[in-house]
1. Name the residues whose placed amide hydrogens come within less than 5 Å of the amide hydrogen of VAL66, ignoring near sequence neighbours (fewer than 5 apart) on the same chain.
2. If I take R0 = 22 Å and measure r between the Cβ atoms of CYS53 and ALA22 in this structure, what FRET efficiency does the formula 1/(1 + (r/R0)^6) give, to the nearest 0.05?
3. Taking the highest mean first, how do the peptides 55-65, 92-102, 155-165 order by number of other beta carbon atoms within 10 angstrom per residue?
4. Give the calculated FRET efficiency between THR145 and TRP90 to the nearest 0.05, with a Förster radius of 25 Å applied to their Cβ-Cβ distance.
5. Tell me the relative contact order for the chain as a rounded percent, counting alpha carbon contacts under 8 Å between residues six or more apart.
6. Grab the beta carbon distance between HIS101 and GLN137, set R0 = 41 Å, and tell me the FRET efficiency rounded to 0.05.
7. Note the full-extension length gain between GLN126 and ARG44 as 0.36 nm times their separation in residues minus their Cα-Cα distance, in nm to one decimal.
8. Solvent-accessible area per residue for the chain at a 1.4 Å probe radius, Å²?
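The values are calculated or read from the model by the stated rules, or taken from the named source; none is laboratory data. Nothing here was measured: the structure is a model prediction, and the numbers come from that model. Virtual Cβ from ideal backbone geometry, glycine too; neighbours counted across all protein chains shown. Remember, those area values only see protein heavy atoms, side chains included, never the ligands or the DNA or RNA. Shrake-Rupley method; radii C 1.70, N 1.55, O 1.52, S 1.80 Å.
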Amino acid sequence: TGAATAAATGTAAAAVATAEAASDRRAEIDAAMRSQPDLVAGERSYTASCSACHGAKGEGQATGWVPRIAGQRHAVLVSLLVDYRLGRRWDDRMQATASGHALPDAQAIADVAAYASRLPGAMQGQGTGTAVQLGAQLYAAHCRTCHGARAEGSESPAVPRLAGQNFVYLVRQQHDLL
């Protein structure tokens with residue numbers, strides 16, 4: 001029937017679009033990772049586009065609404081910026097920042113990601129410490145395999161560093177993911 005053909009055609013078109021988007025994502029990430037970062041340009045971009053929310057040292061906000069990006073893995077920051085640019089992750093502030101206007105190409109993404117990954121950032125928003133033992137057990141059972149024994153994450157594959165991240169931000173991310 002015509003309806004079945006239209007549905008099948010729509011499904012096939014959606015699959016092609018998804019594959020093309022994944023290819024675009026991989027190409028942009030690969031281009032940024034192959035780039036030689038310019039830390040001076042990265043600092044300029046960071047100061048102009050990132051520091052108002054993430055802080056001058058990448059410390060994020062104690063409220064947990066803006067994560068600590070200081071010391072985050074370069075590959076993770078690149079992946080996140082590309083995902084915001086392509087609409088795979090959504091945040092009004094980040095959409096504008098990751099757009100072609102603020103970060104026009106893979107080189108600009110590589111520059112700002114390299115700069116932010118080297119920031120010292122002070123720790124913000126620690127938890128109360130009342131459930132540390134339970135948290136350690138849950139981390140060992142559910143997080144350690146990917147994020148590492150010391151929550152250090154990794155460059156390849158790009159797995160976020162959790163160590164030093166804002167407690168409230170981590171709680172929000174867990175809530176949003178689950």
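1. Long-range HN contacts for VAL66: GLN61.
2. After rounding to 0.05, the efficiency reads 0.20.
3. Ranked from most to least packed, the peptides come out as 55-65, 155-165, 92-102.
4. 0.35
5. Over the chain, the number comes to 27 percent.
6. So the FRET efficiency works out to roughly 0.35.
7. Working it through step by step, the gained length comes to 26.6 nm.
8. 59
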